[in-house]
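Peer 1: Quick one: this structure, given as C-alpha cells, is what I'll be asking you about.
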Amino acid sequence: MEALRRARQEIDRIDAELARLYTERMAAAREIAACKQEAGLPIFDPAREREVLSAAASRIADPTLRPGYLALLRQLMDQSKLLQRAELLKSETVLPVLLPGGAYPVLVADGLLARAKEHLDLDRNVFIVTDSGVPARYARTLAAQCRRAELVTVPAGEASKSLRQFESILTGLQQGGWKRGDCVAAVGGGMVGDLAGFAAACYLRGIDFYHIPTTLLAMVDASVGGKTALNLGGVKNSVGAFSRPKAVLIDPSLPDTLPPRQFAGGMAEVVKMALTSDPALFSDLEQGRTIDRRELIVRALRIKIAVVEADEKEAGPRRVLNFGHTLGHGIEAARKGALLHGECVALGMLPMCSPDVRKRLHPLLTRLGLPTRVRTDPDEVLAAVVHDKKACEGGIETVYVEAPGCFRFEKIGLPVLRERLRLILEENAS
C-alpha cells in the first residue's frame with residue numbers, strides 16, 4: 001500500500017506540472033496569434049503541424065505509449081487553434097465544442113463565407129456538396145477560395161438523403177482520386193450536412209468535413225453535434241454515424257434568401273431548445289422582443305453545444321434534443337414531405353408539454369408562422385413512430401416539458417401517444 005501511495009503522489013505531482021505547462025503552452029499560443037495577426041498569416045499551418053507531430057513521435061521510446069502521446073498532442077494543438085481563433089476574431093464569435101476525443105470550433109459572424117479561407121484549411125482539394133435549392137453563388141464563393149474544388153449539386157429535398165445519392169458522392173470521390181488529406185464541405189441545410197457528412201465519415205474510413213449551413217434550422221441544430229445520416233425504407237435517419245466536423249462556419253446573413261416558411265421552420269428548433277433549457281430565451285420569444293439574428297443563433301447554439309458536450313453519443317441527456325421530434329418525425333413521414341421538418345417539430349412539441357405550457361406555446365408558434373393543427377392519419381403517424389430510432393422495448397422514449405426550462409424523459413405506450421396526438425389533429429377544436 002505504501003508503494004501505491006507513493007505512485008499516486010507522483011501522479012499528483014506530474015498532474016500539477018502538466019497544469020503549469022498547459023498554461024504556458026496556451027500563453028505561447030496567444031503570442032503566436034498576435035504574431036500571425038501582425039504578419040497577416042492564416043491560423044492553419046499544416047506543414048508546421050506535421051513537423052510538430054513528427055518530432056513528437058521520436059520523443060517517446062516506448063512504442064506502446066506513442067499513440068496515446070500523439071493523440072494528447074493533437075488535442076493540445078486543437079485547443080491552441082481554438083484559442084488563436086478567439087484571439088484573432090475579436091469581432092466574431094468562436095464557440096468551441098469540447099469533447100473527450102477532440103475539439104472543433106463553431107464560428108459565427110456576418111460575411112464569414114466570403115472569408116472562409118481565413119478560418120478553414122482550403123489550401124487543398126475540397127469536394128463541395130450543395131443542393132439545388134441553395135443559391136449557387138454560396139458554393140461558388142467557397143470554391144473560389146480552394147486550391148482545387150469540385151462542386152456536386154444534389155436535388156433539394158429529404159429524398160436526397162438516400163443510399164443512391166450517398167453512393168454517387170462516394171463514387172465521385174473515388175473516381176476523382178481524392179485522398180485522406182483532402183476534405184468534404186457541405187454548403188446547405190441539414191439534408192446536405194447529413195448526406196455529405198456521412199460520406200466524409202465513410203470515405204477512406206474518414207476524411208475531414210466542414211459544415212457551412214445556409215438555413216436557420218441547420219445553423220442552430222443540424223450543423224453541431226456530429227450526427228450524420230441517411231433515410232432508409234421510409235424511416236428518417238435510420239442509417240448514419242456520429243462523426244465530428246473539422247469546423248462549422250456560420251454566416252448569419254445567408255438565411256436572408258430563405259422563403260419565410262423555411263425561416264419559420266428554423267425558429268421551431270430555437271423554440272424547442274428554449275423551452276427545454278432556457279426559460280429567459282423562451283420569454284424573449286414569447287414577448288416578441290427583437291433579437292439580433294446572430295445573437296439568436298449563438299444563444300441557441302450554446303444550449304446545443306452544452307448538451308452535446310455532456311453526452312456526445314446520445315446515451316442519456318442528449319435525448320432532450322428530441323423534444324418535439326417523436327411525433328414530429330411520425331407526422332413528417334405520414335405527410336410524405338408536404339410539411340417541412342421544422343413545421344413537424346412545432347406540431348410535435350404541443351402534445352408533449354403541460355397544458356400551461358401549451359397555452360403559451362400555441363400563440364407563439366402561430367405568430368412565428370408555424371402550424372398548430374394537422375390533418376393526417378394517426379395510424380400512419382404511429383406506424384412511423386414505431387420504426388423510429390427512439391422506439392424501445394416497453395414503449396416510446398419521449399421528452400415532456402412541464403414548464404419552460406423543466407423537462408423529463410418519459411417512456412410511454414402507443415395508446416397514450418395516440419391520445420396526445422389527438423390534441424393537434426385538425427378536427428380537434430382544443
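Nothing in this text is a laboratory measurement; each read-out follows from the coordinates by a stated rule. Note that the structure is predicted; figures quoted are calculated from it, not measured. Cβ sites come from the backbone with ideal geometry, for glycine too, and all protein chains shown count toward neighbours.
Peer 1: Go ahead and estimate [θ] at 222 nm for the chain from helices alone: -39,500 (n - 2.57) per DSSP H run with n ≥ 4, summed, over the residue count, rounded to 500.
Peer 2: My calculation for the chain gives -15500 deg cm²/dmol from helical runs alone.
Peer 1: Also: I'd like the FRET efficiency for D311 and V239, computed as 1/(1 + (r/R0)^6) with the beta carbon distance as r and R0 of 22 Å, rounded to 0.05.
Peer 2: 0.55
Peer 1: Given Cα pairs under 8 Å that are at least 6 residues apart, what percent is the relative contact order of the chain?
Peer 2: Taking the mean separation of contacting Cα pairs over the length of the chain, I get 11 percent.
Peer 1: Over the range 105-257, what is the mean sequence separation of C-alpha contacts under 8 Å (at least six apart), divided by residue count, expressed as relative contact order in percent?
Peer 2: 27 percent
Peer 1: Report the far tail of the P(r) of the range 2-88, meaning the percent of Cα-Cα pairs longer than 17 Å.
Peer 2: 61 percent
Peer 1: So for the range 2-88, averaging the separation of alpha carbon pairs under 8 Å that are six or more residues apart and normalising by length, what relative contact order in percent results?
Peer 2: Here the relative contact order equals 43 percent.
Peer 1: What is the order of I331, I297, I291, I412, fewest Cβ neighbours within 10 Å to most?
Peer 2: Taking fewest neighbouring Cβ atoms as first place, the list is I291, I412, I297, I331.
Peer 1: Using Cβ counts within 10 Å as a stand-in for footprinting exposure, how do E10, E49, E269 rank, fewest first?
Peer 2: Lowest count first: E10, E49, E269.
Peer 1: Extending each Cα 7 Å along its Cβ direction at V416 and L163, get the distance between those two points in nm, one decimal.
Peer 2: Placing both labels 7 Å beyond Cα along the Cβ direction yields 3.6 nm.
Peer 1: Turning to a different aspect of this structure: With the crude spin-label approximation of a point 7 Å out along Cα→Cβ, what separation in nm comes out for A71 versus D292?
Peer 2: 4.1 nm
Peer 1: Given the alpha-carbon gyration tensor of the range 135-218, what are the semi-axes of its equivalent ellipsoid in whole angstrom, ordered largest first, with each equal to the square root of 5 times an eigenvalue?
Peer 2: Output for the range 135-218: semi-axes of 18, 16, 11 Å.
Peer 1: For a quick protection proxy, order the peptides 18-30, 93-105 by their average other-Cβ count within 10 Å, most packed first.
Peer 2: In descending order of packing, they fall as 93-105, 18-30.
Peer 1: Taking the beta-carbon count within 10 Å as an exposure proxy, list H362, H325 from fewest neighbours to most.
Peer 2: H362, H325
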